[in-house]
Amino acid sequence: MASSRIVRFPALEIRQGSSRVLYSFAADGKDVYSFATVSRIRRENQGAVCGYQRPEVLSHIAEIRKYLECSDPMIPNAIVIAFDERVRFEPSDESAGNGFCRAGVLVVPVDDGVADHEKPGWIVDGQQRMAAIREASISSFPICITAFIAKGEQEQKEQFILVNSTKPLPKGLIYELLPTTQMALPTMLQKRRFPAQLANRLNYDSDSPFKGKIRTATNGDGVVQDNSVLKMLENSLSDGVLYRFRDPETSSGDVESMLGVLKAYWAATADTFKDAWNLPPARSRLVHGAGIVSMGFIMDAIGDRYHDEPRLTREYFYTDLQPLARVCRWTSGYWDFGPGVQRKWNEIQNTSKDIKLLANFLLLQYRAAVMNRPA
């Protein structure tokens, strides 16, 4: 049998400008769906667009759920809910407050028997977080909520657009911050934390060929995109020369040994292709995303050739890179990828298809050149 009740949440009323009012309160995330729902984008029979929230992204929800089920999760950013006019605020003391903020109680009607579209609240921002809390194997999870009382669906849509069009935190800034963190992170960020540590050292160590060259949120003068360096490092850590220095228990490893290999190889690369190394990506595909990632595969191939050597020096790398100097077209001319397949030097783009094309070409050229030479 359906039940109706009133839920009273201790809350703060916050006034913004002359007419805008927000309410800040906390609720168990497992209970939020009892009074709020998600209005998903859809079309009615006549083709009219209804709702305003995008469909749930299952992979993102799974990531958040996994994080919530770890030992000590925290979600500091608030869910945003638009209430209809059935919800009201009761101040605890009309005279209290500082002119724009006062304490009180937010009164929310809850009816377990109504359809979702009849509930008084709509989740304007935080759809995936709420879905993850709903599905996580946890008994409860208190969540911060920022709410406002809307006059209708039009105002809800307007606020949804405003909230979700705000520029997100730059990925580059997140990657720079990763090495300084120790808390449990979603899988993608966890995977990038150790490569980000290596990239940070490459960008700031005085003996690094990449010193000051990696463009980050705090190093706007860099010419090599941080994401390209991270991809190169991730590839090598999973399947290349850096893998031998990894600790399978922690997904990190011997940082100094890895940096020794990286600095030796990229110093040899900089010496082999001096002109191309010192130009911006628009004038050199070596420091372009496609070049950095593709040349990373050559580093791994050379490392595999000298797998019995206890220490890979710049000299090993420099010697093995020389045959490629004759076939690379980093700054001018045409790449000769085979019969009928030629590409102008600057037509190589930072796409999976072009990176694969360039990497395979370089690997074939390298292996053909060293096949008959002793290691």
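Data table
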| item | result |
| --- | --- |
| Packing-based order for 209-219, 345-355, using average beta carbon neighbours within 10 Å, highest first | 209-219, 345-355 |
| Largest-first principal axis extents of the Cα set of segment 171-370 (Å) | 52, 39, 30 |
| Order of Met130, Met188 under a 10 Å beta carbon neighbour criterion, fewest first | Met188, Met130 |
| Cα-based convex hull, the chain, per residue volume (Å³, whole number) | 214 |
| Burial order of peptide ranges 3-9, 139-145, 282-288 (average beta-carbon count within 10 Å, highest first) | 282-288, 139-145, 3-9 |
| Förster-model FRET efficiency, 22 Å R0, Asn278 and Tyr318, C-beta, rounded to 0.05 | 0.80 |
| Kirkwood Rh in Å, taken over segment 188-275 so that all alpha-carbon pairs contribute | 13.3 |
| Vicinal HN-Hα couplings computed from phi for segment 253-270 (Karplus, 6.51 cos²θ - 1.76 cosθ + 1.60; Hz; Gly/Pro x) | x, 7, 4, 5, 5, 4, 5, x, 5, 4, 5, 5, 5, 6, 5, 5, 5, 5 |
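All of the numbers you see were taken from the coordinates with simple rules; none came from a lab. Fair warning: this is a prediction, and the values are worked out from it, not measured in the lab. Reconstructed Cβ throughout: ideal geometry from the backbone, glycine too, with neighbour counts over all protein chains shown.
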